[in-house]
1. Looking at region 155-171, is at least one residue of a type outside the set (Val, Ile, Thr) and touching a Ser or Thr at 6+ places or on another chain (Cβ under 7 Å)?
2. Looking at region 70-105 only, could you name the residues that are open to solvent by 40 Å² or more (accessible area, probe 1.4 Å) and on the phi > 0 side of the Ramachandran plot?
3. Which count do you get for residues in region 11-52 that are within 30 Å of ASP277 (Cβ to Cβ), at pLDDT 95 or above and open to solvent by 40 Å² or more (accessible area, probe 1.4 Å)?
4. Within region 41-63, identify whether any single residue is closer than 21 Å to MET223 by Cβ and hydroxyl-bearing (Ser, Thr, Tyr), and answer yes or no.
5. Hey, does region 27-43 have a residue that's in a helix (DSSP H, G or I), farther than 19 Å from PRO281 by Cβ and touching a residue at least 12 places away in the same chain (Cβ under 8 Å)?
6. Has region 308-320 got any residue that is open to solvent by 40 Å² or more (accessible area, probe 1.4 Å), within 13 Å of TYR231 (Cβ to Cβ), β-branched (Val, Ile, Thr) and at pLDDT 75 or above?
7. What is the residue count in region 1-10 for residues that are open to solvent by 50 Å² or more (accessible area, probe 1.4 Å) and in a strand (DSSP E or B)?
8. Name the residues in region 82-103 that are modelled with pLDDT of 85 or more, part of a loop (DSSP other than H, G, I, E, B) and closer than 19 Å to LEU208 by Cβ, would you?
Amino acid sequence: MKSGPILSLENVVSVYGGGRSWLGRAQPEVRAVDGVTFDVQEGEALALVGESGCGKTTLAKTVLGLLRERSGNIRLDGKLVSGLTPQQARLARMTIQYVHQDPGAALDPWWTIGHTLDETLRIHAVSDRAERARRIEEMLSAVGLDSSFLRRYPHELSGGQQRRIGLARILILHPRIVILDEPTSGLDLSVQATVLGLFDELRHQFGLTYIFVSHDLSVVRRMCDRVAIMYLGRVVELGPTEPIFRAPVHSYTRALLSASPSLTPGQLDGMPSLRDDPPSPSAVPSGCGFRTRCALADRVCSAHRPALEAVVDDAANGHMAACHHWQDGLFSSADGSLAMHGVGAQ
Ligand SMILES: Nc1ncnc2c1ncn2[C@@H]1O[C@H](COP(=O)(O)OP(=O)(O)OP(=O)(O)O)[C@@H](O)[C@H]1O
Ligand SMILES: [Mg+2]
C-alpha cells in the first residue's frame, strides 16, 4: 500500500500582474495565493472555503498546472511537479482534473455531447474508436445518463445534467484527483442533493480524491473530511471538518460560520459578523491579513504574520490555525475537553 500524501503543497505562491500594460503603466502585483502549505491524502475530500476573491480558483488552477506557481513546491505521489512550464506541468499532472465553476460555459455550444466526449478522448490520444465509444458509454452510465444524451446539445440539458456531463467528461480520462469548483452553485436544493449523492458514489466507485471549492458551508460539512479556510491567499485554519465546525479557533472562521446559524446553533452567538469587504489582495495589511477586520487584533498582529501552527489541544487530529490569539476564544470545559466560549454554557 502507498504511504504519504497523494498531493503535497509547500509554500506555494501564485501571482497575477506585476508587469506593464500595453500603455506602459505598471500593473499592481496580486499575490492571489500567498504561501499555501497542506497535504491531501488519497481518497479524502478536502474543502477550500473562503470569501469571494480569497484565491480558491487560483489555487485550483495552480495545482492543475494551468497557472505557473511563482515559488513553492508541488508534489504528486511524492514526486516534484513544480517549476515546470504550463505545458510540462499539465502533462505531469494529468491525473488531476478540474470540473469548471460553470459547466455550461465549459461545453462547446455547437457540439453534441457525444462529439464533446469523443473529442476529449481523441485529444488525449485514445485513437481506437471502439475504445472511445466504450469509455463514453461506461462514464455516461456512471453519471446516471443514457446514451440518448450523446445526440443532445448543451442548451438542451438542465443544470443538473450539465454537471453530470461535466463529470463524465473528466472521468473518462481516469483522474485520481478531481477539483470541483463550486459544484452545486445555481442548482435547486433537490437537484443539489442528487448531484452531491452522485459525487459521493463516484468518489467511492473510482477511489477519487476531491478538492472541493464551495461557499456553501452545509455542503462542505456534508461532503468533506477536512477543511482549509482561506483568507487573502493564505490558509488561516485547517483541520478535520467536525472540529472546525464544532470549535473553530480563528476569528475569521468563527465569523464565517456565525453567518450560517443553522450549522452552529447557539455556538457562535455574539460573534461579530464580517463587516466590509476584505482588503485588496494587492495591498495586504502587514502582519496578520485579517487584523483589519478582527476584534482581537493588537500590536503583535500588525507586526508579525502568524504561521499556520497546530492548535495544541487538538494537535493529534491535525487541527491548525494561523492566529496569534486563537487561545482567546477557548477554554477547557469541566470534562477537560476543549470548547469555545459560549459552547459549554449552552
Ligand atoms: N487573471 C487574473 N488577473 C489578475 N487578477 C486576477 C485574475 N484572476 C483572479 N484575479 C484576482 O486574484 C484574486 C483571487 O481570485 P480567485 O478567482 O482565485 O478567487 P476565488 O476565491 O476563486 O473567488 P470566487 O469565490 O469569487 O470564485 C482576486 O483578487 C482576483 O481579482
Ligand atoms: Mg472561484
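The values are calculated or read from the model by the stated rules, or taken from the named source; none is laboratory data. Just so you know, these numbers come straight off a predicted model, no measurement behind them. Because the Cβ atoms are built from the backbone with ideal geometry, glycine has one as well, and the counts that use them run over all protein chains shown. Surface areas here come from the heavy atoms of the whole protein model, side chains and all, with no ligands, DNA or RNA. Shrake-Rupley method; radii C 1.70, N 1.55, O 1.52, S 1.80 Å.
1. Keep residues of region 155-171 that are of a type outside the set (Val, Ile, Thr), which gives 155-164, 166-169, 171.
When the remaining residues are screened for being touching a Ser or Thr at 6+ places or on another chain (Cβ under 7 Å), the result is 160, 169.
Yes, the conditions are met somewhere in region 155-171.
2. ASP77, GLY78, GLY83
3. Of the residues in that region, 2 qualify.
4. yes
5. no
6. Checked against the condition, which is being open to solvent by 40 Å² or more (accessible area, probe 1.4 Å), within 13 Å of TYR231 (Cβ to Cβ), β-branched (Val, Ile, Thr) and at pLDDT 75 or above, region 308-320 yields no hits at all.
7. 1
8. Matches in region 82-103: ARG93, MET94, THR95.
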